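What follows is a set of notes on a single structure, which appears directly below.
The values are calculated or read from the model by the stated rules, or taken from the named source; none is laboratory data. Computed from a prediction, not measured in an experiment: that's the story for all the values here. As a convention, Cβ positions derive from the backbone with ideal geometry for all residues, glycine included, and neighbour counts pool all protein chains shown. In case anyone asks, the SASA skips ligands and DNA or RNA and just uses the protein heavy atoms, side chains included. Shrake-Rupley method; radii C 1.70, N 1.55, O 1.52, S 1.80 Å.
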Number of protein chains: 2
Amino acid sequence: MSSVKRVHNFNAGPSILPVSVLEKAQSEMLDYQGCGMSVMEMSHRSKEYESIIQTAEADLRELLGIPTNYKVLFLQGGATLQFAMLAMNLRPAGASADYVVTGSWSKTAWKEAAKLGATRAAYNGESSNYSRLPAQGDLTLDPQAAYVHFCHNETIHGVEFKKEFEVPAGVEVVCDMSSDFLSQPVDVSKYGMIYAGAQKNAGPAGVTVVIIREDLLARTPEKLPVMLDYKILAESGSLHNTPPCYAIYIVGLVMKWLKDLGGLPAIHKINLEKAGLIYDAIDSSGGYYHGHAAPDARSIMNVPFRMPSEELEEQFVKEAKKADLIGLKGHRSVGGLRASIYNALPVESARVLVDFMKEFQRKNG
Amino acid sequence: MSSVKRVHNFNAGPSILPVSVLEKAQSEMLDYQGCGMSVMEMSHRSKEYESIIQTAEADLRELLGIPTNYKVLFLQGGATLQFAMLAMNLRPAGASADYVVTGSWSKTAWKEAAKLGATRAAYNGESSNYSRLPAQGDLTLDPQAAYVHFCHNETIHGVEFKKEFEVPAGVEVVCDMSSDFLSQPVDVSKYGMIYAGAQKNAGPAGVTVVIIREDLLARTPEKLPVMLDYKILAESGSLHNTPPCYAIYIVGLVMKWLKDLGGLPAIHKINLEKAGLIYDAIDSSGGYYHGHAAPDARSIMNVPFRMPSEELEEQFVKEAKKADLIGLKGHRSVGGLRASIYNALPVESARVLVDFMKEFQRKNG
């Protein structure tokens, strides 16, 4: 075990990684398994690197139970580039796509798609400042839509779908799972496409995972630039050009860590425990802390909450930082505080935060 | 100094990094300068990370002497995504762009731009299998072109421009400098835009540097997806969304290493020495080794060469690998061998290769 300084890291992303992953990467930095090179120095077409990327994909497939008729791509540009790419690839000319708008990220996905073609908002929660999620009856879904897009967990607003809504027969479901990817078991077969920026639960910034059902690749139109063309990228196994090799290597190490831990059911249990600790602290504070999300929409990954005044919120962030609790300032669009409690955050860090919250309230409440 | 195994790394990219850069990254892996986090775990909007990206940019500006009216962007998707983005951003609707086609990479850049609008090949060296570069008189440049694009150094064919050609007044020069970026001093002011995938001389795969004159940002059309829009990306200082944080951190360490070494004039001298050693070995082999590139077009970064038979070439690669000389197999489109001798390759590695070449010829020639 390392004796270096490590803080309690509540960053929203990029965010905490398992310490054992970092230690492994550190030990292999100058010489990966006796090959005399860093992973950063390897040809992406070498046997060593092929094994790294293929093992990362195989472990991801095993963890999520990805059916064989789905392709896994390791791309660049973050979820934000996917907002445009998925519309370019999956919405045929003249067709419309439905967007379920439940927070900043699904709104941005919608706006990006709207630049390039027809869209509809099947739901828009803006009037509640995205504090709740739609019931089935709140959705007006277009049975002719090329797809319906939603965001499984809104990182900024802290709302997370607990069960998926029903969609009209023949409409594909496309899901931005960036901030709760790999936090819990998922039935991939329900989705036409899932995508996720890695920098929450899967690895470092700089790689985006796309999981897409093979038959949807037939929708890709002619003459897309190669780096925006799912079909070409899928055919090359993410190796059309040089991929973000080191970021994918770290993703592979995170997959091993998750498997060793017992996979998604095991991490889900841990995540529920951490989220429970913090929501309990909020709910038992007599209103001193109050969550942004409606209780039935609460995320197990991102907990945005407010306090009685902005001054107290500032003081909280400042004192927390002194106590090595970092990354707790909320996003400007919601304000207040936000605790992001991703997979790699130890339960102990959630306990330390809860103790800090209680002590802060005792002294200042 | 480290005592781990390190090979002589002639990879074409991703490629060798300075050992001191890797050692620094290794030492900071779990705790960057006492902040209790890896660089991979930091918010891209934290003070610590802002300092990392801003220092990387400032050092790059200093090394290349980038004028203040140029923006520096750290993007994703490799040079291949830039092939499309530069055409989307810099070629107004209805306008044509000129392409000087001197090898695989400039050809691919041309094909990508041709998908999206009008292009002309101002020169095409395909008939010589891209072994030479055009003289000024070989170019048929369109005075109305939105820009003329060329590749400063063709990684596969090993041809490198020694002096730039003249272009008609008002035509912007756009240059793919991926594989000789930072290998020698450059007059940035001659270019409208320079871009380079980092994974040769600037850092690891996963980040692409774009240097663009500010006034050209006015050409960006409306309604481009944000991640494809130079104007938006420039306005945000490469922080519109999460950048490839760790790759940029490594680029920053490489910039420090280059500065400590004496900057681009110093590394240029070292690069000329390494290239000289290898070309001398080729020229003094009595034709046993023969370079792909015409002598006046020879690259100081990539040296593709052939041997009397494919069997000997295979044997060479195999025996070289046993002697810890790796990455010497040529690209399939040229065949034979290729020694990529980027900035971070020590002169000693070039000497070891030359000794190996001489010994191989003595035994098998």
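Once you list every other residue whose beta carbon is under 10 Å from the beta carbon of residue B:349, what net charge do they have if Lys and Arg are +1 and Asp and Glu are -1?
Details: positive: B:6, B:274, B:351; negative: B:324, B:348.
Result for the neighbourhood of residue B:349: +1.
Measuring nothing but label to label, 7 Å from Cα along Cα→Cβ, what are residue A:232's distances to the other copies in nm, shortest first?
The answer, with the shortest distance listed first, is 2.2 nm.
Over the range B:23-260, what is the percentage of antiparallel beta bridges among all DSSP beta bridges, to the nearest 5?
45
For the protein assembly as shown, compute Rg over Rh where Rg is the Cα radius of gyration and Rh is the Kirkwood radius from the inverse mean 1/r over Cα pairs.
Details: Rg = 26.4 Å, Rh = 26.8 Å.
Over the Cα atoms of the protein assembly as shown, Rg/Rh equals 0.98.
Between chains B and A, what is the buried accessible area in Å², counting both sides, with a 1.4 Å probe and ligands, DNA and RNA left out, to the nearest 100? Walk me through the intermediate numbers first.
Numbers: alone 15720 and 15730 Å², together 26700 Å².
Interface area, both chains combined: 4800 Å², rounded to the nearest 100.
What is the average number of partner chain Cβ atoms found within 10 Å of a Cβ in B:139-150?
Numbers: counts 0, 0, 0, 0, 0, 0, 0, 0, 0, 0, 0, 0.
Going residue by residue through B:139-150 and averaging, the value is 0.
Kindly give the distances from residue B:364 to its copy-mates, label point to label point, with each label point 7 Å from Cα along Cα→Cβ, as nm values to one decimal ordered shortest first.
7.2
Quick one: among A:85, A:29, A:193, which has the greatest mean-square fluctuation in a GNM of chain A with alpha-carbon springs under 10 angstrom?
Result for chain A, Cα springs under 10 Å: A:29 fluctuates most.
Would you please state which residues of the range B:61-100 a label at residue B:190 would reach in this model, taking the label point 7 Å out along Cα→Cβ and a backbone N cut-off of under 20 Å?
It comes to B:61-71, B:98-100, nothing else.
For chain B, what does -39500 (n - 2.57) per DSSP helix run (n ≥ 4), summed and divided by total residues, give at 222 nm, in deg cm²/dmol to the nearest 500?
Details: 9 runs with 128 residues, N = 365.
Helix-only estimate at 222 nm: -11500 deg cm²/dmol.
Suppose we take every Cα in the range B:177-216 and form the convex hull; what volume per residue is that in Å³? Please list the in-between numbers first.
Values: hull volume 2.4 nm³, N = 40.
Residue-normalised Cα hull volume stands at 59 Å³.
As a check on your reading of the symmetry: which chain A residue has its Cβ nearest the axis that brings A onto B, and how far is it in Å?
Of all Cβ atoms in A, the one closest to the rotation axis yields A:76, 2.
At residue B:115, label 7 Å along Cα→Cβ: distances to the other copies, nm, ascending?
Result for residue B:115, in nm, nearest copy first: 1.7.
Estimate the FRET efficiency between residue A:27 and residue A:223 by the formula 1/(1 + (r/R0)^6), using the beta-carbon distance for r and 45 Å for R0, to the nearest 0.05. Kindly include the intermediate steps, with their values, before the conclusion.
Numbers: r = 46 Å, r/R0 = 1.02.
Efficiency for this residue pair is about 0.45.
Please compute the modelled spin-label separation between residue B:363 and residue B:169, points set 7 Å along Cα→Cβ, answer in nm with one decimal.
It works out to 6.3 nm between the two label points.
Counting DSSP beta bridges with both partners in the protein assembly as shown, what percentage is antiparallel, nearest 5? Could you put the intermediate results ahead of the total?
On the way: 42 of 78 bridges.
Antiparallel bridges make up about 55 percent of those DSSP assigns within the protein assembly as shown.
Averaged across orientations, what area in nm² does the convex hull of the alpha carbons in the range B:35-85 project? Display every interim value, and only then the final one.
Numbers: hull surface 20.0 nm².
Its average projected convex-hull area is 5.0 nm².
Find the relative contact order for the range B:23-260 and round it to a whole percent, using C-alpha pairs within less than 8 Å whose residues are 6+ positions apart. Could you put the intermediate results ahead of the total?
On the way: 428 pairs, mean separation 60.9, N = 238.
Once divided by the residue count of the range B:23-260, the mean separation gives 26 percent.
Please compute, for peptide B:71-79, the average count of beta-carbon atoms on other protein chains lying within 10 Å of each residue's beta-carbon. Working shown, then result.
Details: counts 0, 0, 0, 0, 2, 11, 10, 7, 3.
So the per-residue partner count for this stretch is 4.
So for each of A:175-184, A:320-329 I average, over its residues, the number of other beta carbons within 10 Å; can you give me the resulting order with the highest mean first?
Values: A:175-184: 26.0, A:320-329: 18.7.
Taking the mean over residues of other Cβ atoms within 10 Å, the ranking is A:175-184, A:320-329.
Which cross-chain or sequence-distant (5 or more) residues have an amide H under 5 Å from the amide H of residue A:341, H modelled 1.01 Å from N in plane?
Residues meeting the amide H criterion: A:302, A:303.
For the range A:217-333, take the convex hull of the Cα atoms, compute a quarter of its surface area, and give me that in nm², please.
Result: a mean projected hull area of 12.2 nm².
Ignoring ligands, DNA and RNA, please state the percent of accessible area on chain A from carbon and sulfur, probe 1.4 Å.
Values: 6750 of 13360 Å².
Carbon plus sulfur share of accessible area: 51 percent.
Are any of the pairs A:24/B:5; B:5/B:322; A:321/A:363; A:24/A:269; A:5/B:5; A:111/B:47 more than 20 Å apart by Cα-Cα distance, and if so, which? Working shown, then result.
Details: A:24/B:5 17 Å; B:5/B:322 14 Å; A:321/A:363 17 Å; A:24/A:269 25 Å; A:5/B:5 29 Å; A:111/B:47 30 Å.
Table pairs above 20 Å Cα-Cα are A:24/A:269; A:5/B:5; A:111/B:47.
Just counting partner chain Cβ atoms within 10 Å, what average do the residues of peptide A:12-23 show around their Cβ? Before the final figure, lay out each step's value.
Values: counts 2, 4, 14, 5, 4, 5, 0, 2, 0, 2, 7, 2.
Across A:12-23, the average partner-chain Cβ count within 10 Å equals 4.
How would you classify chain B from its alpha-carbon gyration tensor, with a ≥ b ≥ c the square roots of the eigenvalues: rounded for a/c under 1.5, else prolate if a/b is greater than b/c, otherwise oblate?
On the way: a/c = 2.10, a/b = 1.15, b/c = 1.83.
It comes out oblate by the Cα gyration axes.
Tell me the per residue accessible area of chain B using a 1.4 Å probe; a whole number in Å² is fine. Before the final figure, lay out each step's value.
Working: 13340 Å² over 365 residues.
Computed with neighbouring chains in place, this is 37 Å² per residue.
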